Amino acid sequence: YVKERGRSDFRFYQRQMNIGLLSRMKMDHAMRQALEHNLFRLHYQPQIELKTGRLLGVEALLRWTDKDLGEVSPAQFIPIAEESGVIVPIGNWVMQTAIRQAALWNKDGKQIRVAINVSALQFQQSNFVESIALALQENDLKPECIELELTESILIRDAEEALKRLQSLADLGVKLAIDDFGTGYSSLSYLKRFPIYKLKIDRSFVDALPSDESDAAIVTAIIHLAQALKLRVLAEGVETIEQRDFLQKMLCDEMQGYLFSPAVSAEEFEKRYLS
Ligand code: C2E
Ligand code: MG
Ligand code: MG
Ligand code: MG
């Protein structure tokens with residue numbers, strides 16, 4: 001009986017795995033098609049200075065509506081794109097598109113910083129820094145208008161090479177932010193070695209503010225850490241006035257979240273904030 005059971009369990013798992021593999025392959029194919037047919041879009045979520053309520057910039061967030069799958073969340077497709085490697089051309093598209101948009105928005109004295117998410121695999125490409133420098137030049141954009149959002153995973157793999165690359169980006173004048181801060185596996189020592197500009201406190205710590213004592217303690221500690229290291233600090237996923245008030249009281253620099261606005265199309269962003 002046990003043997004039988006074991007075998008059918010095995011078949012069951014194998015089928016599950018195959019379904020997973022199949023949909024991964026389908027998804028990968030669909031993403032390549034979407035790139036080719038220009039079906040990806042960028043939406044932009046405002047980042048607000050807490051002290052003044054002033055709009056400082058936006059985060060570019062990838063959006064994809066597939067004709068069969070419908071609207072697919074980046075939380076779903078980015079990990080698959082990272083596994084298959086298609087994140088590299090997708091990431092290039094994001095970089096080109098966001099820099100072009102930033103150049104349009106930063107004309108005639110306006111200042112809108114555009115933050116761009118970068119995957120580890122994309123960061124590891126040998127021409128990564130060069131391609132950003134080139135895009136900035138081609139679009140006649142000041143490097144300080146661009147912020148790159150990196151995850152801690154970028155910093156742990158081949159730390160020496162990562163350090164060199166981060167230093168060239170910082171030398172270029174581009175700002176560097178650590179995304180989802182506090183959720184990764186790396187040690188804090190990179191904070192003193194790498195030329196980091198900003199910490200982004202992960203949404204998971206902000207969610208239960210201010211009532212959850214542990215989260216309140218963690219968020220406070222991250223803000224203090226940033227202040228002590230002279231880094232800027234932004235809280236993600238701010239949805240309520242109570243969360244905002246708590247962050248303001250703790251002297252967090254910036255916030256981003258549905259309380260102010262979700263990510264919206266470039267047209268919508270212009271209508272709301274630039275006209
Ligand atoms: P992230 O970089 O941490 O982006 C923040 C995510 O939180 C976004 O989800 C945003 O829409 C969502 N968010 C913002 N404010 C709130 C809020 O108040 N409440 C809630 N519940 N959510 C909020 P999104 O757009 O689904 O993106 C998910 C993740 O996918 C991003 O997390 C990022 O890791 C990745 N991603 C998105 N666009 C790109 C991209 O162009 N390149 C790369 N490599 N990754 C991307
Ligand atoms: Mg991000
Ligand atoms: Mg984030
Ligand atoms: Mg996050």
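Some points to look at:
- Ligands, DNA and RNA aside, His43 has an accessible area near 50 Å² when probed at 1.4 Å.
- Between the beta carbons of Ala216 and Arg272, assuming R0 = 30 Å, the FRET efficiency works out to 0.40 to the nearest 0.05.
- Taking a point 7 Å out from the Cα of His29 in the direction of its Cβ, none of the residues of the stretch 71-101 has a backbone N less than 15 Å from it.
- Against the chain, whose longest principal axis is taken from its Cα atoms, helix 87-105 shows a tilt of about 20°.
- Shape category assigned to the chain from the gyration tensor of Cα positions, a/c cut at 1.5: prolate
- Taking 17 Å as the straight-line reach from the Cα of Lys142, the lysines in range (excluding those fewer than 8 positions away in the same chain) are Lys107, Lys110, Lys175.
- Low-density loop positions, chymotrypsin sites (Phe, Trp or Tyr not before Pro), the stretch 176-247 - DSSP coil, at most 14 other Cβ in 10 Å: Tyr185
- Helix-only CD estimate at 222 nm, as mean residue ellipticity for the chain, using -39500 (n - 2.57) per DSSP H run (n ≥ 4): -15000 deg cm²/dmol
- Paramagnetic label reach from Glu83 (point 7 Å along Cα→Cβ; backbone nitrogen cut-off under 17 Å): within the stretch 26-62, residues 26-32.
- Net length gained if the chain between Glu71 and Asp245 were fully extended (0.36 nm per residue, minus Cα distance): 59.3 nm
- 14 Å cut-off, amide nitrogen to a point 7 angstrom out along Asn139 Cα→Cβ, residues in the stretch 157-185: 174-175
- Rounded to 10°, Cα long-axis angle of helix 213-228 versus longest principal axis of the chain: 50
- Surface composition of the stretch 174-275: carbon and sulfur make up 52 percent of the accessible area, probe 1.4 Å.
- Projected label distance in nm at Lys230 and Leu259, using a 7 Å step from Cα toward the beta-carbon: 2.9
- Distance between the pseudo-spin-label points of Asp108 and Arg157 (7 Å out from Cα toward the beta carbon): 4.4 nm.
- Each label point was placed 7 Å from the Cα along the Cα-to-Cβ direction; for Glu36 and Glu130 their separation is 2.8 nm.
The values are calculated or read from the model by the stated rules, or taken from the named source; none is laboratory data. Bear in mind that the values here come from a model prediction, so they are computed numbers and not experimental data. Cβ coordinates were reconstructed from backbone atoms using ideal geometry, including for glycine residues, and neighbour counts include every protein chain displayed. Areas reflect the complete protein model, heavy atoms only, side chains present, ligands, DNA and RNA absent. Shrake-Rupley method; radii C 1.70, N 1.55, O 1.52, S 1.80 Å.
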